[in-house]
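Visitor: One structure, pasted below without further comment.
Nothing in this text is a laboratory measurement; each read-out follows from the coordinates by a stated rule. The shown structure was predicted, so the numbers you read here are calculated from the model rather than taken from an experiment. When we count neighbours, we look across all protein chains shown, and the Cβ atoms used for this are built from the backbone with ideal geometry, even at glycine.
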């Protein structure tokens, strides 16, 4: 947070501890009454847990953060400045880089020819000209974004029919349907490990179908046009990266790997592979 902000005065912190098994509980207890902690039983999911926290929030803006993000100095100010400058703003996201801090994981969300969401500029170097600019898009990733508390309440928050996946892109479409806009603050950068929750991909196909049933007719295919309009050559990855991603997206591999990815060991394995692929393509 900005160095001149005081917790409990300028901002509040609400954490959902959904039956963590590490030292999270002890760490949170050290903050005593300076933060609000919701303790779950381990059966929550992304939309449900965020909605529960949002109900307790009192601020003008909701800032949502995943637990696998690392905040860089000055990450919040560009988001708030952009939000304040756009009267119709409904969501402001930012740029996420992998832990090597060199490679983009997310510069917004675009949609391919199947209307499936893709992270814009995923795999490119953060130093690529044209990436770090403010842009209006159809969606952003909620691992780190801000949205007006009043709008979130008006839209009844995330749709809890999604099971940890697609709820953020669905929310963005409802934001746009309500007449507001989705923006990316290009000068705000955080580190995002990604896919760190066991079972993160267990309901991917069901979530995608729910999303497409509602939004396929209104989504614009823009995954190539955005890069073209901004003068950025994307998608553009190494052969190794493209081959590995094609294997990962194979339906049979998804079925076989699904049970593995429901475990903490599976998550660590995936992140290890991603780091190797990212380093090989940077």
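Visitor: Just check segment 44-203 against the gyration tensor rule for me: Cα atoms, a ≥ b ≥ c as the square roots of the eigenvalues, rounded for a/c under 1.5, and otherwise prolate or oblate depending on whether a/b exceeds b/c. Write out the running numbers ahead of the final one.
Guide: Details: a/c = 1.39, a/b = 1.17, b/c = 1.19.
Here segment 44-203 falls in the rounded category.
Visitor: Which value results when the Cα radius of gyration for segment 1-43 is divided by 2.2 N^0.38 Å?
Guide: 1.31
Visitor: Taking other Cβ within 10 Å of each residue's Cβ, how do 114, 193, 96 sort, fewest first?
Guide: 114, 193, 96
Visitor: Oh, and also: For a quick protection proxy, order the peptides 164-172, 209-217 by their average other-Cβ count within 10 Å, most packed first.
Guide: Peptide ranking by packing, descending: 164-172, 209-217.
Visitor: Please give the contour-minus-distance gain from residue 27 to residue 233: 0.36 nm per residue of separation, less the Cα-Cα distance, rounded to one decimal in nm.
Guide: Full extension from residue 27 to residue 233 adds 69.8 nm.
Visitor: Please give the per residue volume of the convex hull enclosing the alpha carbon atoms of segment 34-96, rounded to a whole number of Å³.
Guide: 131
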